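Where a number appears in this text, it was derived from the coordinates with a stated rule and is not lab data. Predicted model, so just to flag it, every value in this text is computed and none were measured. Here the Cβ is made from the backbone with ideal geometry for all residues, glycine too, and neighbour counts use every protein chain on show.
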Amino acid sequence: MEEQGFFYRDTWAEVDMDHIGANVEAIRCHLPEDVEFIAVVKANAYGHGDSQVAEAALKAGASMLAVAFMDEALALRKKGITASVLVLGASRPEDVNIAAEEGIILTVFQEDWLVKAREVLKADALLLLHIKIDTGMGRIGIRTVRELKAAEQLINEDERLQLHGIYTHYATADERDDTYFTKQLALFKEMIGALDKLPPVVHSSNSAAALMHADARFNAVRVGIAMYGLAPSMEIAPELPVELKEAFSLHSRLVHVKKLEKGEKVSYGATYEAPEEIWVGTLPIGYADGWIRKLQGQEVLVDGKRSPIIGRICMDQCMIRLPQEVPVGTIATLIGHQDGETISINEIAKKLETINYEVPCIISSRVPRLYRQDGEVVGLNNSLL
Ligand SMILES: Cc1ncc(COP(=O)(O)O)c(C=O)c1O
């Protein structure tokens, strides 16, 4: 086994780098050639691994990266990623010199932020900025033409600052009803129309808008979820114009297999009682790995057959009812394919009553990530060792 010596507990996630690359290429093919692809790799690339996904996306034609916080941008720099990185969230104005030194692009979301940033920025610094306009998301961003014009002036009159981009973010791009989306788009067009000069990069679309709304692409799109092979929502999933391939899978191996007699109990609270003689397997994965207690009853794949989690999920382990006796060491696939059967991230999201975005994000860093290309392991990430 290629993973031996890399981790010592048989639970791991796999990221299919071919799928990341194929998704970026498929989305790019759907876009006009002059539209830049900004790969959104915040939150450790939605749990997949920041630098690994960044490299695969850049190789497949992405020209820029986006993260939520400056710490995430610095982590990419530390790992040798030299591409342009835009921080989408709020950074402290006190930290602008680090951003300038590392060539990290920051978001301006308030006039006051710019005033403070100008006070602390070193005389010889050069800081690239994107202005964020709040057209209806209600999160961060400039909300009036007056404030936008003031921000433009504060940037233009300062030679240490460069207005590199302007953008907004949609609240409902993943819904079929585009009423609110259309309002946001119209407001964005109106706001950017008030600028003296458009900056080089103008962007508004997340995955959903990039795929479904040709009128909102401007000259760049910010793609996250679709790059990982997931539909932005179940509502628009049937209408997506490109085929997406899920990149993330999750696996474990049976560490203990036993027969229980009718009436014997399983796990905390002794809530599960064997209804007859059954085979039970123990998996070394639990809620501390993000496999949370709400997943009790969810099935996993063993020998291509669905086997339900029985009893309460513990911090580090859980038990499954096996279809028959199987050897210790048998692989259990919690997310992914096995012998023609599949458990998708969407199935887990449904069980958790949440969105697919959340699923790979909550698989904790305790679970090592293994990167595959052409079926071979090409990279490993174990935050513990
Ligand atoms: C500002 C911003 N742009 C783009 C994205 C990427 O969105 P998606 O993953 O839906 O493509 C996000 C993610 O939430 C975001 O917050």
Legend entry - Degrees between helix 111-120 axis and first principal axis of the chain (Cα, 0 to 90, nearest 10): 80
Legend entry - Length added when fully stretched, residue 68-residue 194, from 0.36 nm per residue minus Cα-Cα: 42.6 nm
Legend entry - In degrees, nearest ten, helix 179-193 long axis to first principal axis of the chain (Cα): 30
Inset, instruction - Report the calculated FRET efficiency for residue 268 and residue 339 (r = Cβ-Cβ distance, R0 = 30 Å), to the nearest 0.05. - result: 0.40
Legend entry - Sorted by Cβ density within 10 Å, fewest first, the residues 251, 48: 251, 48
Inset, instruction - Sticking with the crude label model, points 7 Å out along Cα→Cβ, report the distance from residue 239 to residue 293 in nm, one decimal please. - result: 4.0
Inset, instruction - Please give the length that would be gained between residue 306 and residue 30 if that part of the chain were fully extended, namely 0.36 nm times their separation in residues minus their C-alpha to C-alpha distance (nm, one decimal). - result: 95.7 nm
Legend entry - the chain: angle of helix 145-156 to the longest principal axis, Cα-based, in degrees nearest 10: 80
Inset, instruction - Estimate the FRET efficiency between residue 126 and residue 182 by the formula 1/(1 + (r/R0)^6), using the beta-carbon distance for r and 30 Å for R0, to the nearest 0.05. - result: 0.20
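May I ask for the equivalent-ellipsoid semi-axes of region 1-152, computed as the square root of five times each C-alpha gyration tensor eigenvalue and listed largest first in whole Å?
Taking √(5λ) for each Cα gyration eigenvalue gives 33, 19, 14 Å.
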Legend entry - Antiparallel content of DSSP bridges confined to the chain, in %, to 5: 55
Inset, instruction - Determine the equivalent ellipsoid of region 163-274 by diagonalising the alpha-carbon gyration tensor, then write out the semi-axes as square roots of 5 times the eigenvalues, largest first, rounded to whole Å. - result: 48, 16, 14
Legend entry - Hz values of 3J(HN,Hα) by residue in region 68-75 - Karplus curve (6.51, -1.76, 1.60), Gly and Pro given as x: 8, 10, 5, 4, 5, 5, 5, 4
Legend entry - Size-normalised alpha-carbon gyration radius of the chain, reference 2.2 N^0.38 Å: 1.12
Legend entry - 21 Å Cα-Cα reach of residue 189 towards lysines, excluding residues that sit fewer than 8 places from it in its own chain: 132, 149, 197
Legend entry - Cα-based equivalent ellipsoid of region 242-385: semi-axis lengths in Å, sorted from largest, via gyration tensor: 26, 17, 15
Inset, instruction - Would you mind counting up the charge near residue 210? Only other residues with Cβ under 12 Å from its Cβ, with Lys and Arg at +1 and Asp and Glu at -1. - result: 0
